[in-house]
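Working notes, beginning with the structure itself.
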Amino acid sequence: MKKVDILYIEDNPDDVLFFERIVKKIDETLTFEVAGSGSEAISLLNGENTDPVSPRLILVDMNLPGLSGVEIVRSLRQNQKTRHLPLVIFSTSDYPSDIKNSYEAGATGYLVKSSSYKGRAQQLDHAHKFWIVSNQYF
Amino acid sequence: MQDVDLTSCDREPIHIPGSIQSHGFLVAVHKDSYLIKKVSTNISQYIRASAEALIDQPVQVLDAYIASTVPGSALEELLNVGRRNQSFEWLNPQQMQVADQEMNLIIHASGEYVVLEFEPRVTWMDVLDYQKLITRSLQEVQGAKTLTLLLDRAAKWVKSITGFDRVMVYQFMEDWHGVVVAEQKEPHLEPFLGLHYPASDIPKQARQLYLRNLVRLISDVSSSSARLYPDEKPGSNILDLSDSVLRAVSPIHIEYLKNMGVMASMSISLVVKGKLWGLIACHHYTPRFVDYPARNTARFISQILSATLEHHRDETDSDFANQIYSTGQQLLIQMTKDRNVADGLVNGKDNILQISKGTGAALVFEDKVHLLGETPSEEEVQDLVKWLVSIKADNFFQTTHLPNQFVPALHYKDKASGLMAICLSPILGEYVLWFKPEQIQLVTWAGNPEKSVTGHEEDGTVRLSPRKSFEKWTQEVKNSSCPWEDIEISAALRLREDILHVVTQKANEIRRLNDQLKIAYEELDAFSYTISHDLRTPLTSLKSYTEILLEDFDEQLDDEAKHIIDRILRSADRMSMLIQNVLSYARLSRSDIKKQDIPMHTVIDTLVEDLNVAITSHKPKVTIGATPPLYGDPTMIGQIFANIISNAYKYSVASADPQIKIEGTVTGNETIYSVKDNGMGINMNQASKVFDLFKRLDNTSNIEGHGVGMAIAKRIVNRHGGRIWFQSKEGEGTTFFVALPTRESFESALPS
């Protein structure tokens, strides 16, 4: 089993790059895996090709190729291994229906991606402090 | 005393009188045995044999007295021929020599009897003459262009064939009372044309017999009738004389004719579409006998007349029908054209008034009353419609005496004694109405119709007696109009179909547009979402990279590079805001409005505080007056005030002593808020652009803004059913006003 702090499901390479930069600044020792789609994330979590990945927090983008963020949350909530994990949507969408649907699918939280780099750094810093540092996980 | 009503006459058994008129004689034989079973007692006046002696004798015994003028046509042979053909009709009449007299034999079957009737033959015209007469009368009758002319000519021909003193065409009305509609008479006689006769003058069973025997002759009112032998007793095999040509006349009818001074009468039925339309009634003031061939000719003419009546339509009528038809077409075109039903019916080249002979018309449609011509007032029409709904007139209704049915109509009987109505929707009370004015009619009765039958008490029994007086008796009929003609009624019904058709089409069209609109809205939603995501994502990246440049590569950049990067960042911010604003503007049209009372003081205070924090220099002096609550969606209303107040800030900070005054008042149905500044003001030439999307005014280029705020404000206000406007003077300041309906006025406007 490969333990990581964060599994980030994101298809946009720019966003992945910003994420990596920000995370390194927050804490050099943080570990993370990136999956470009829902199916890739699910195979990582199930260890289909490699050691199964076991994250302490999963960040999910909304608009993804294949499964949408909401569908990924729904699917992970039905999986015995992932049903207790903190699942936080990290999306530019502030559409009320997207937010509502996410919580109904079983999301733990919903962060609207800030349109600025600084704003996003602050959001990820908060998320790190809460979910990785403070949160007691199962 | 027993009541005598008009129906007492209806019960008199006139088809089995047990006697015949004495201008001829009757022999009835059994249909199979040919044994003589009934004989009229007057037979002894014609042959040397008595009724008693003939009973139960074979029919051949009559051969001793009666011979056919045609050889080989003895009575038995005639009976055989008729039996084989199952009809005697075509044998009639047979010319017979009865003792020394020439007579016509008329045969018919009745129950188990075959009835032989002998009546005089009067050869005052030969067969050829009749044919000529018929040909000429046919041409004349069928050539008549109007109903009056048609009836007049028919009467004229019947008079010349039968030679009666007076020949009338008598038409039955709805209630079976009759009117003389055409008359030909000897010049010295008083005219009966136009007189009305009560229904009881020709009782029901008499009318039934008129349908069965088309011709009925009473040749001498004063002669006594001849009894049948043996006496007809109830329960025995009574001879039904319904089809008899000699059948005796009811004593009541004899008395009636005598009272009128008539000595002989003949009636020929006019049957139209199986219904007794009327009679050709012939009167003679001395006894008069018309023989069988002449009666047949008259009957023939009456049948031609009947057939013509069935298809006849006055030419004047057909002109009107054509006009009505083309008006109907035109109305349909007008309604369909712009799909505005009411406009098409009342405001076009043609209107609903023209499809009837009415003098006024009203359209009650979509909560509006449209009046044309002479009509009751709008309120009266509305009351009338309520009454129509209450009597369930949910398709078609017509009356010629509205005030008798609906009392309030007495007030406008001069305009609407006659009403024709078609219902478009009983639930919505939508109708088209046509009116006809009161027409005071003088109906002249031949005698007071209420005294048409009198009862006499004789030996404790009631005996019917017809009226004795035929003195003209004039009745004034009020509260009634000219009748609604068939073509008016059918035009109205057609119009109803047309209107309902157009209304349905219109509803379908609206439904279709609505569906399209829904689809368009859904597409717009999807589009907005796509924009928000797809445009924002690269923009965010652009911005983020720029931020990274500034933050992480600070030392490697000179001031000019930093300045340029700063401009990139600001442009990206601006574009991001624009996208955000467009989206919120677009979403406004779909979001639900959740109305509640909004505590405006809190809203305004918060806004002012926020704006004061954002502004670093030169804070305006803000005065807040009365703040009555507004009734609306708190988020949206908050947006309006954020936009207006921040504008007041933005455009007044440059003033020497910036001042802003905010206050609200309640006036009537509205709560009006004003936000007044003493800023740069707006050139009123550009006033119309203030609320346009993405429109910024001339002198504002150095002030931050996107041209979206006021467009959003206006859209919100409109969605709340309110108003937004402003007053301004360049260099002196601007006041914006927002007026929204108060809670009370909003709730009272809700459909109950």
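Residue-wise test of (1) under 27 Å from B:N718 (Cα atoms); (2) within 14 Å of chain A (Cβ to nearest Cβ); (3) surrounded by fewer than 13 Cβ atoms within 10 Å (Cβ to Cβ); (4) among the polar types (S, T, N, Q).
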residue: B:R536; (1), (2), (3), (4): no, yes, no, no
residue: B:T540; (1), (2), (3), (4): no, yes, no, yes
residue: B:L550; (1), (2), (3), (4): no, yes, no, no
residue: B:R567; (1), (2), (3), (4): no, no, yes, no
residue: B:R587; (1), (2), (3), (4): yes, yes, no, no
residue: B:V603; (1), (2), (3), (4): yes, no, no, no
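If only one of A:D61, A:D98, A:D94 is within 12 Å of chain B (Cβ to nearest Cβ) and within 15 Å of the chain's Cα centre (by Cα), which one is it? First the steps, then the outcome.
Numbers: A:D98 fails: within 15 Å of the chain's Cα centre (by Cα); A:D94 fails: within 15 Å of the chain's Cα centre (by Cα).
Checking each option against the conditions leaves just A:D61.
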**Study point:** Residue identified as at negative phi, in contact with a strand residue (DSSP E or B) (Cβ under 9 Å, 6 or more places away or on another chain) and in the same structural domain as B:P634 (by TED's automatic domain parsing) among B:V608, B:V613
**Key:** B:V608
Check your understanding: Pick from segment B:649-663 the residues that are surrounded by fewer than 21 Cβ atoms within 10 Å (Cβ to Cβ) and either of a type in the set (G, A, S) or in a strand (DSSP E or B) (or both): which of them is nearest to the chain's Cα centre (by Cα)?
Key -> B:E663
Exercise for review: Spot the failing condition for B:I531; the list is (1) among the aliphatic types (A, V, I, L, M); (2) away from chain A (no Cβ under 12 Å); (3) in contact with a helix residue (DSSP H, G or I) (Cβ under 9 Å, 6 or more places away or on another chain), and only one is missed.
Suggested key: (2)
**Study point:** Residue that is nearest to the other protein chains (Cβ to nearest Cβ) [pool: residues in segment A:31-58 that are within 12 Å of the chain's Cα centre (by Cα) and charged (D, E, K, R)]
**Key:** A:E33
Practice item. Under 6 Å between Cβ atoms, at least 6 apart or on separate chains: pull out the pairs that start in segment B:178-189 with a residue that is in the same structural domain as B:S269 (by TED's automatic domain parsing) and within 17 Å of B:T162 (Cβ to Cβ) and end on any residue that is of a type in the set (D, E, K, R) and at pLDDT 90 or above. Key: B:K185/B:R166; B:E186/B:D165; B:L189/B:R166
Point to revise | Any hit, segment B:94-111, residues being assigned to a loop (DSSP other than H, G, I, E, B) and more than 22 Å from B:S33 (Cα to Cα) | key: yes
**Study point:** Residue match in segment B:70-77 (condition: surrounded by 13 or more Cβ atoms within 10 Å (Cβ to Cβ), small (G, A, S) and outside any strand (DSSP E or B))
**Key:** yes
Revision key, fill the gap. B:S541 meets each of (1) touching a residue at least 12 places away in the same chain (Cβ under 8 Å); (2) in contact with an Asp or Glu (Cβ under 7 Å, 6 or more places away or on another chain) with one exception, condition (1)
Check your understanding: Looking at (1) within 22 Å of A:D98 (Cβ to Cβ); (2) within 14 Å of chain A (Cβ to nearest Cβ), can you tell me which one B:K518 breaks?
Key -> (2)
Exercise for review: Please go through segment A:16-30 and pick out each residue that is under 13 Å from B:I548 (Cα atoms) and either surrounded by 16 or more Cβ atoms within 10 Å (Cβ to Cβ) or within 11 Å of another protein chain (Cβ to nearest Cβ) (or both).
Suggested key: A:L17, A:F18, A:F19, A:R21, A:I22, A:K25
Revision key, fill the gap. B:A526: passes all of (1) closer than 24 Å to A:R120 by Cα; (2) within 14 Å of chain A (Cβ to nearest Cβ) but (1)
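Hey, any hits in segment B:344-364 for a residue that's basic (K, R), touching a helix residue (DSSP H, G or I) at 6+ places or on another chain (Cβ under 8 Å) and modelled with pLDDT of 85 or more?
yes
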Revision key, fill the gap. Note: among B:T327, B:T297, B:T308, B:T359, just one is of a type outside the set (G, A, S), in contact with a Pro (Cβ under 9 Å, 6 or more places away or on another chain) and crowded, with 17+ Cβ neighbours inside 10 Å, namely B:T359
**Study point:** Of the criteria (1) in contact with a Lys or Arg (Cβ under 8 Å, 6 or more places away or on another chain); (2) assigned to a helix (DSSP H, G or I), which one A:S102 fails
**Key:** (1)
Practice item. Give the residue that is surrounded by the most Cβ atoms within 10 Å (Cβ to Cβ), with candidates limited to residues of segment A:105-130 that are touching a Lys or Arg at 6+ places or on another chain (Cβ under 7 Å) and away from chain B (no Cβ under 12 Å). Key: A:A105
Review point. On the given criteria, is B:N683 closer than 18 Å to B:R715 by Cβ, surrounded by 13 or more Cβ atoms within 10 Å (Cβ to Cβ) and not aromatic (F, W, Y)?
Key: no
Practice item. Would you mention how many residues in segment B:190-216 are acidic (D, E) and free of Cβ contacts under 8 Å to residues at least 40 places away in the same chain? Key: 1
Check your understanding: Does segment A:82-90 contain any residue that is away from chain B (no Cβ under 14 Å), under 29 Å from A:K25 (Cα atoms) and among the polar types (S, T, N, Q)?
Key -> yes
Check your understanding: Is at least one residue of segment B:574-591 basic (K, R) and not in a helix (DSSP H, G or I)?
Key -> yes
Review point. Assuming B:I301 fulfils every condition listed in (1) over 30 Å from B:I254 (Cα atoms); (2) β-branched (V, I, T); (3) touching a Ser or Thr at 6+ places or on another chain (Cβ under 8 Å) apart from one, which condition is it?
Key: (1)
Review point. Which of the residues belonging to segment B:20-36 are crowded, with 20+ Cβ neighbours inside 10 Å, more than 55 Å from the chain's Cα centre (by Cα) and not β-branched (V, I, T)?
Key: B:G24, B:F25, B:L26, B:A28
Practice item. Sort out which residues of segment B:552-565 are exposed (fewer than 15 other Cβ atoms within 10 Å of the Cβ), closer than 24 Å to A:L17 by Cβ and either more than 10 Å from chain A (Cβ to nearest Cβ) or among the β-branched types (V, I, T) (or both), and write them in order of number. Key: B:F553, B:D554, B:E555, B:Q556, B:L557, B:A561, B:K562, B:I564
Check your understanding: Do we find a residue being on the phi < 0 side of the Ramachandran plot, within 14 Å of another protein chain (Cβ to nearest Cβ) and surrounded by fewer than 16 Cβ atoms within 10 Å (Cβ to Cβ) anywhere in segment A:68-78?
Key -> no
Check your understanding: With respect to B:R494, is the statement that it is in contact (Cβ under 8 Å) with a residue 40 or more places away in the chain, more than 14 Å from chain A (Cβ to nearest Cβ) and closer than 30 Å to B:N340 by Cα true?
Key -> yes
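The values are calculated or read from the model by the stated rules, or taken from the named source; none is laboratory data. Source: prediction; values computed, not measured. For neighbour counting, all protein chains shown are included, and Cβ atoms are generated from backbone atoms with ideal geometry for every residue, glycine included.
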